[in-house]
Amino acid sequence: MRITEVFTVLSNVLVFSLFCCMKDTVYSVQLSAPEMVTGSYGGSVTISCQYDPQLSQHTKYWCKGAVYDLCVIVVKTPKNRPSNTTTIADDKEAGVFTVTMNSLSKSDEDMYWCVIAKSGRNVYTGVSLKVLKQITPTNSSLGNYESSWWAILRWILFLLMLSCMASTSITVWRKRTAEKISQHQRFHHNISIIYV
């Protein structure tokens, strides 16, 4: 009897898991958006959320937060309630609502959600926004200055190493020459002693 109960619980868990997976699959067919978008600091980004035409009359919104169930609505249709930097537009004929975020900052980098309000459970899909630091001309010229400085430093180090090698070679050559002269003088000195 105990095995039967365990089997019943496991089969219920399996059926529930399959139902949850299929439910998300159905939602993803009804609504799609890019999984990740990238924008530059101070720039803007536009995200298109495509939906099933059957959902054209429903309210759409753009929500911010790591978890959908806890996200905060940023903008919402049908009355475009823009925030300071974000707008939403719904093209019902094309089956797409578009969110535009302007003047991006690092605080905008987060998980966002394209959402369609629906009785029962809303239809939603996640979009991760990454905000990259934009290279300004000032930073670019500073980078060129730093790279030219490093190039000069490399040349100085190269010339220093070359002069060290040259001085070492000269020192070795002088020592060998001095030894040869010393040997030659000793040889002549020994010969002169023999002849005396």
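The values are calculated or read from the model by the stated rules, or taken from the named source; none is laboratory data. Values in this document were obtained by computation on a predicted structure and should not be read as measured data. Glycine also receives a Cβ, built like all others from the backbone with ideal geometry; neighbour counts cover every protein chain displayed. Areas reflect the complete protein model, heavy atoms only, side chains present, ligands, DNA and RNA absent. Shrake-Rupley method; radii C 1.70, N 1.55, O 1.52, S 1.80 Å.
For (1) at pLDDT below 95; (2) among the hydrophobic types (A, V, I, L, M, F, W, C); (3) open to solvent by 50 Å² or more (accessible area, probe 1.4 Å), each residue gets a yes or a no:
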{"site": "73", "(1), (2), (3)": "yes, yes, yes"}
{"site": "117", "(1), (2), (3)": "yes, yes, no"}
{"site": "136", "(1), (2), (3)": "yes, no, yes"}
{"site": "152", "(1), (2), (3)": "yes, yes, yes"}
{"site": "165", "(1), (2), (3)": "yes, yes, yes"}
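Need pairs with beta-carbon distance below 9 Å; first residue at positive phi and within the range 57-77, second surrounded by 18 or more Cβ atoms within 10 Å (Cβ to Cβ) and outside any strand (DSSP E or B); sequence gap 6+ or separate chains.
Close Cβ pairs (under 9 Å, with a partner that is surrounded by 18 or more Cβ atoms within 10 Å (Cβ to Cβ) and outside any strand (DSSP E or B)) amount to 65/71.
Can you tell me which condition residue 145 does not meet? The list is (1) modelled with pLDDT under 90; (2) part of a strand (DSSP E or B); (3) of a type in the set (Phe, Trp, Tyr), and all the others hold.
The single condition residue 145 does not satisfy is (2).
Which of the residues belonging to the range 55-71 are within 12 Å of residue 123 (Cα to Cα) and either assigned to a loop (DSSP other than H, G, I, E, B) or at pLDDT below 90 (or both)?
58, 59 - these are the residues of the range 55-71 that are within 12 Å of residue 123 (Cα to Cα) and either assigned to a loop (DSSP other than H, G, I, E, B) or at pLDDT below 90 (or both).
Name the residues in the range 95-115 that are open to solvent by 60 Å² or more (accessible area, probe 1.4 Å), among the hydroxyl-bearing types (Ser, Thr, Tyr) and under 21 Å from residue 67 (Cα atoms), would you?
Within the range 95-115, 107 is the sole residue that qualifies.
Evaluate the range 80-94: report whether one residue or more is crowded, with 19+ Cβ neighbours inside 10 Å and part of a loop (DSSP other than H, G, I, E, B).
Scanning the range 80-94 turns up no residue that is crowded, with 19+ Cβ neighbours inside 10 Å and part of a loop (DSSP other than H, G, I, E, B).
Can you spot a residue in the range 2-13 that is surrounded by 13 or more Cβ atoms within 10 Å (Cβ to Cβ), modelled with pLDDT of 60 or more and either touching a strand residue (DSSP E or B) at 6+ places or on another chain (Cβ under 9 Å) or of a type in the set (A, V, I, L, M) (or both)?
No: the range 2-13 contains no residue that is surrounded by 13 or more Cβ atoms within 10 Å (Cβ to Cβ), modelled with pLDDT of 60 or more and either touching a strand residue (DSSP E or B) at 6+ places or on another chain (Cβ under 9 Å) or of a type in the set (A, V, I, L, M) (or both).
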